[in-house]
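Participant: Provided herewith is a single structure, encoded as structure tokens, for subsequent inquiry.
The values are calculated or read from the model by the stated rules, or taken from the named source; none is laboratory data. Fair warning: this is a prediction, and the values are worked out from it, not measured in the lab. Positions of Cβ are generated from backbone atoms using ideal geometry, with glycine treated the same way; all protein chains shown enter the neighbour counts.
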Amino acid sequence: MHNKKITLYFFLLYLLLVNSFNSTAQSSLINIVPQPAEINSVEVHHFFLKDNTNILFVNTNPEDPKIQYISQHLATVFSFYHFNITFQQEVCDTCMGIIFKINESEKTYLGNEGYDLVIHLNHITISANSSAGLVYGFQSLVQLAPPDVSVQPQDSLLLPVLHITDYPRFEWRGSHRDVSRHFFDVESIKKHLDLMVLYKLNKFHWHLTDDHGWRIEIDSYPKLTEIGAWSVDRSQQRWTEGTPPAEGEKATYGGFYTKKEIQEIVAYAAARNIDVIPEIEIPGHCSEILAAYPEFACDDYSYYVQIGPYWPPKAILCGGNDDVMVFLKKIIDEVVELFPCQYIHIGGDEAYKDNWKVCLKCQNKIKSLQLNNDEELQSWMIRDIEKHIMSYHKRIIGWDEILDGGVTPTATIMSWQGDKGGIKAAKQGNKVIMAPNSHCYLDYYQADKEDEPEAICCYIPLEKVYQFDPIPEALTDEEAKFVKGGQANLWAEFISNTAHAEYMLLPRLSALAEAVWTPKREKNWDNFITKLPTQKQRLKILGYNYCDKIGKIK
Ligand code: ACM
Ligand code: ZN
């Protein structure tokens, strides 16, 4: 045979072998969630992880919290092995062990969060353009090991020889948590953040204020937490049957985060490549504010920190009282100090304006500003707050209702009432985060109601979350560029403890992760389901509660 033909023959044979190994390897050994962008398995061999394996950090900063997270967690996950961890500047071709390396020259296909994970016969290399990518490469390495690696001594640990090239489909991969309807302590939030990094999610949307409790310490307005963080205790009643406070009854149920605790959580998140986005809800959902500072209401109703269902929410900050704007801006001044991320979420949803309609101050404001209606008064308040937030070089996010009275081009819209808000926003050139209540509301039932803990309503089983695509079909390719990503929301009306919160999050949050990380072409429900038993084993060992049923799509 001609030389070229021989080369071609062997090349084709090689492709055949590689491909046939790929499919078996992916089904039996590779249980990474979210599914990586590309997996190439080139040899049917294994790397053995042994005692005294060298761990080398190359071209990284030992002070970088993400690098410290990796080195500490390597020791926790592979707890039965002793590793020699060293840091060095130069890349070495003959190094053995596990090498975490920042690329000397940037590989554009990886972006800021992607990574290459190459397992050779005698060493492993995880390389990325940034330490964020190394955090994610590390997660994939951990998920290639058996789930019980941290609790069960193994004689020798086998890892498949392969090459993964991986990067996210979307920059916004969010998980939201309501801590107002019920308060959750720092440990509960840290466990949530640990889950997020496991699934390569990077935005923690922290719903800190609402009718049922104000959860963030603000020095200028101490009554927000002295009064606003506490309701009367109805923990022994069903949520739907909570009785209003009795005359003189003490408010003892709730809690809040001190500034120190918030800083601790923000740092914990940052080490896991997670930005924390605080939500300070305006102008509605504010009974707890009005309980503490009744002067910011339109009326003289005696507001209290809510218990149980509260619908429609009557409480609204007076849009015609200039002191309200001073109050909100002072709060923002303290909030921006605590949260280094680029965004502040200002809420804006479900602001029922009955009080505004009969408030002289509000109506005078509408006239003096030559506004057309109440929606435009809300829009004016939000624009004013946005200006203040932008003076800190930060941007606002608001729920899709903020579109109603008009928004500035700089506002980012979070689409929750299905995808229509997202579509409208993207078509007019606003950035969008998709969190539609058709696919992303993890407080809804996930299996047949009869056998499930009581939930707020509705039905979103695992497969429905899996089907979520952040890009609505109605958008052109150009318009779709405004969609930054997607997010799952966990409202806590019916969720009062960590075990229940985890039950609602899991495994649905892992399905959301494939929707926001994995390239569309690699998403595959059957493959996801195949990976589920290993995932659940891992979650159990990590101490998480999860739902073991798979509700059918109806
Ligand atoms: C929402 O669910 N009210 C944003
Ligand atoms: Zn008013």
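Participant: Checking residue 243 against (1) part of a helix (DSSP H, G or I); (2) β-branched (Val, Ile, Thr); (3) over 19 Å from the mean Cα position of the chain (by Cα): exactly one of these is not met. Which one?
Facilitator: (1)
Participant: Whether any residue in the range 69-78 is surrounded by 20 or more Cβ atoms within 10 Å (Cβ to Cβ) and β-branched (Val, Ile, Thr) is what I want to check.
Facilitator: Going through the range 69-78, the residues surrounded by 20 or more Cβ atoms within 10 Å (Cβ to Cβ) turn out to be 69-70, 74, 78.
From what is left, the residues that are β-branched (Val, Ile, Thr) are 70.
Within the range 69-78, one or more residues are surrounded by 20 or more Cβ atoms within 10 Å (Cβ to Cβ) and β-branched (Val, Ile, Thr).
Participant: Can you go through 332, 396 and tell me which one is in contact (Cβ under 8 Å) with a residue 40 or more places away in the chain, away from ligand 2 (no atom under 16 Å from the Cβ) and outside any helix (DSSP H, G or I)?
Facilitator: Values: 332 fails: outside any helix (DSSP H, G or I).
Being in contact (Cβ under 8 Å) with a residue 40 or more places away in the chain, away from ligand 2 (no atom under 16 Å from the Cβ) and outside any helix (DSSP H, G or I) holds for just one of 332, 396, which is 396.
Participant: What single numbered condition from (1) surrounded by fewer than 21 Cβ atoms within 10 Å (Cβ to Cβ); (2) in a strand (DSSP E or B) fails to hold for residue 175?
Facilitator: The single condition residue 175 does not satisfy is (1).
Participant: Could I ask something else about it? Could you tell me which residue of the range 399-417 is farthest from residue 329 (Cα to Cα), considering only residues that are within 13 Å of ligand 1 (Cβ to nearest atom) and part of a loop (DSSP other than H, G, I, E, B)?
Facilitator: 417
Participant: Out of curiosity, is residue 310 free of Cβ contacts under 8 Å to residues at least 40 places away in the same chain, surrounded by fewer than 19 Cβ atoms within 10 Å (Cβ to Cβ) and part of a loop (DSSP other than H, G, I, E, B)? Step through it out loud before you land on a result.
Facilitator: Details: free of Cβ contacts under 8 Å to residues at least 40 places away in the same chain: no; surrounded by fewer than 19 Cβ atoms within 10 Å (Cβ to Cβ): yes; part of a loop (DSSP other than H, G, I, E, B): yes.
So residue 310 does not fit the description; no.
Participant: Tell me which residues, restricted to the range 45-63, are assigned to a loop (DSSP other than H, G, I, E, B) and either closer than 22 Å to residue 145 by Cβ or in contact (Cβ under 8 Å) with a residue 40 or more places away in the chain (or both). Give the steps one after another, and end with the answer.
Facilitator: Of all residues in the range 45-63, those assigned to a loop (DSSP other than H, G, I, E, B) come to 45, 50-52, 59-63.
Of everything in the range 45-63, those that are assigned to a loop (DSSP other than H, G, I, E, B) and either closer than 22 Å to residue 145 by Cβ or in contact (Cβ under 8 Å) with a residue 40 or more places away in the chain (or both) turn out to be 45, 50, 51, 52, 59, 60, 61.
Participant: Can you tell me which residue among 353, 365 is crowded, with 17+ Cβ neighbours inside 10 Å, closer than 26 Å to residue 240 by Cα and either modelled with pLDDT of 95 or more or within 14 Å of ligand 2 (Cβ to nearest atom) (or both)?
Facilitator: The conditions single out 353.
Participant: Looking only at residues that are within 12 Å of ligand 2 (Cβ to nearest atom) and β-branched (Val, Ile, Thr) in the range 313-327, which one is nearest to residue 350 (Cα to Cα)?
Facilitator: 316
Participant: Here's something else I'd like to know. What about residue 372, is it surrounded by fewer than 16 Cβ atoms within 10 Å (Cβ to Cβ), within 16 Å of ligand 2 (Cβ to nearest atom), not hydroxyl-bearing (Ser, Thr, Tyr) and not in a strand (DSSP E or B)? Don't jump to the end; show me each part of the working.
Facilitator: On the way: surrounded by fewer than 16 Cβ atoms within 10 Å (Cβ to Cβ): yes; within 16 Å of ligand 2 (Cβ to nearest atom): no; not hydroxyl-bearing (Ser, Thr, Tyr): yes; not in a strand (DSSP E or B): yes.
In short, no.
Participant: Also, I was wondering about something else. Out of the residues in the range 27-46 that are crowded, with 20+ Cβ neighbours inside 10 Å and of a type outside the set (Gly, Ala, Ser), which is farthest from residue 140 (Cα to Cα)? Let's see the steps before the verdict.
Facilitator: At the first step, the residues of the range 27-46 found to be crowded, with 20+ Cβ neighbours inside 10 Å are 30-36, 39, 41.
Keeping just the survivors that are of a type outside the set (Gly, Ala, Ser) gives 30-36, 39.
Values: 30: 9, 31: 9, 32: 6, 33: 8, 34: 9, 35: 9, 36: 9, 39: 11 Å.
Looking at the filtered set, the residue picked out is 39.
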